[in-house]
Amino acid sequence: MMYTDKVLDHFSNPRNMGEVEGANGVGMVGNAKCGDIMQMFIKVNDDEIIEEVGFKTFGCGAAIATSSMATEMIKGKSIDEALSLTNQAVVEALEGLPPVKIHCSVLAEEAVKSAIDDYRKKKGE
Ligand code: FES
């Protein structure tokens, strides 16, 4: 199985790893088949901009690399922009993933959406 340098970089040096203090949106998703779990923490300000983001992934290397890349892609963005993040965009930013690892990027997309969902619920939307 071949991984791109970008994937290996984000796997061995993950960005934004860990919980975010004062996060107002927390999402958790899992894949029943592989058993991997991904948690996403966002801190959204009054202008609905994601000021801080963090993740915790109990899973495979590709799940760690895609969650790391996803956090980089939504940091500083509005929640609407973050909602439009697709797993394909994450895969492209990583310059590709082996086909059997595409579901890991789906988990990253779902984790972002789940955190935003939680933020909106807490706000009473
Ligand atoms: Fe399931 Fe990677 S093998 S998330």
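Laboratory data are not the source of any read-out in this text; all were calculated from the coordinates shown. Note that the coordinates shown come from a computational prediction; the quantities given were computed from them, not determined experimentally. Methodologically, a virtual Cβ is constructed for each residue, glycine included, from the backbone with ideal geometry; neighbour enumeration extends over all protein chains shown.
General observations
- Candidate set: the stretch 75-85, residues that are charged (D, E, K, R) and exposed (fewer than 15 other Cβ atoms within 10 Å of the Cβ); chosen: the one nearest to the ligand (Cβ to nearest atom): 81
- Positions within the stretch 27-59 being buried (at least 19 other Cβ atoms within 10 Å of the Cβ) and hydrophobic (A, V, I, L, M, F, W, C), in sequence order: 29, 38, 40, 41, 42, 44, 50, 53, 55
- Pairs where the first residue, in the stretch 59-87, is free of Cβ contacts under 8 Å to residues at least 40 places away in the same chain and among the hydroxyl-bearing types (Ser, Thr, Tyr) and the second is within 16 Å of the ligand (Cβ to nearest atom) and part of a helix (DSSP H, G or I), C-beta under 7 Å, 6+ apart: 86/109
- Members of the stretch 86-125 that are crowded, with 18+ Cβ neighbours inside 10 Å and not in a helix (DSSP H, G or I): 94, 97
- The stretch 75-85: number of residues that are part of a loop (DSSP other than H, G, I, E, B) and not hydroxyl-bearing (Ser, Thr, Tyr): 4
- On the stretch given as the stretch 62-74, residues that are within 16 Å of the ligand (Cβ to nearest atom) and either surrounded by fewer than 18 Cβ atoms within 10 Å (Cβ to Cβ) or part of a strand (DSSP E or B) (or both) total 0.
- Matching residues in the stretch 9-53 - criterion: being more than 16 Å from the ligand (Cβ to nearest atom), outside any strand (DSSP E or B), in contact with a strand residue (DSSP E or B) (Cβ under 7 Å, 6 or more places away or on another chain) and of a type outside the set (Gly, Ala, Ser): 16, 19, 20, 24, 45, 48
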